[in-house]
Amino acid sequence: MSHHYATIQFLRQQGYRLTPQREMVVLAILDQEGHFTAEEVYRQVRRQSEAVNIATIYRTLDLLCDLGILTAFQVAGEPLRYERADSPSHHHLICRQCGTMIDLPDQVLHPLQEMLLDQYNFAAEFRHIAISGLCARCRDAQT
């Protein structure tokens, strides 16, 4: 819970007003593991209080992304997904048919970063890459 307290204190020190609703949303977000959507946070918070609306969820998610506490990514046709920025750096393989999401370790893309630097003199910063395609199960179902 100390991480939660530190985040709440950080927001206050930055001059952000923390209404009881916003604080409830922040705590719910910080309790999330892995990837989550605004709707998932909304459902979780609504179990505690009906005084929170979806606009509060989105504003809080945007604020936490702006402050670098969360990162967001989206694959075409899917809702925006979030995760805590303090999660180990990784990327995603997302099945465009069934929606399965596979975490891809950061080191898998190191050869691509090196190639971009060598061939294009471009220092790529891969924060969050989502690659869509077909998972093995969906690919096998098509044959």
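Each value in this text was obtained by applying a stated rule to the coordinates, not by laboratory testing. It should be emphasised that the depicted structure is a prediction, and the values quoted were computed from it without experimental measurement. Quick reminder, even Gly has a Cβ in these numbers, built from the backbone with ideal geometry, and neighbours come from all protein chains shown.
Listed values, structure above:
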{"item": "Of residues in the stretch 98-124 being in a helix (DSSP H, G or I) and among the polar types (S, T, N, Q), the one surrounded by the fewest Cβ atoms within 10 Å (Cβ to Cβ)", "result": "GLN119"}
{"item": "Residue list for the stretch 1-30, restricted to those being of a type in the set (Ser, Thr, Tyr) and in a helix (DSSP H, G or I)", "result": "SER2, TYR5, THR7"}
{"item": "Meets criteria (among the hydrophobic types (A, V, I, L, M, F, W, C) and without any contact (Cβ under 8 Å) to a residue 24 or more places away in the chain) for ALA51", "result": "no"}
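Residues are listed down the side, and each one gets a yes or a no for (1) in contact with a helix residue (DSSP H, G or I) (Cβ under 9 Å, 6 or more places away or on another chain); (2) surrounded by 13 or more Cβ atoms within 10 Å (Cβ to Cβ):
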| position | (1), (2) |
| --- | --- |
| VAL41 | yes, yes |
| ARG47 | no, no |
| ALA51 | yes, no |
| LEU63 | yes, yes |
| GLU83 | no, yes |
| SER87 | no, yes |
| ARG96 | yes, yes |
| PHE126 | yes, yes |
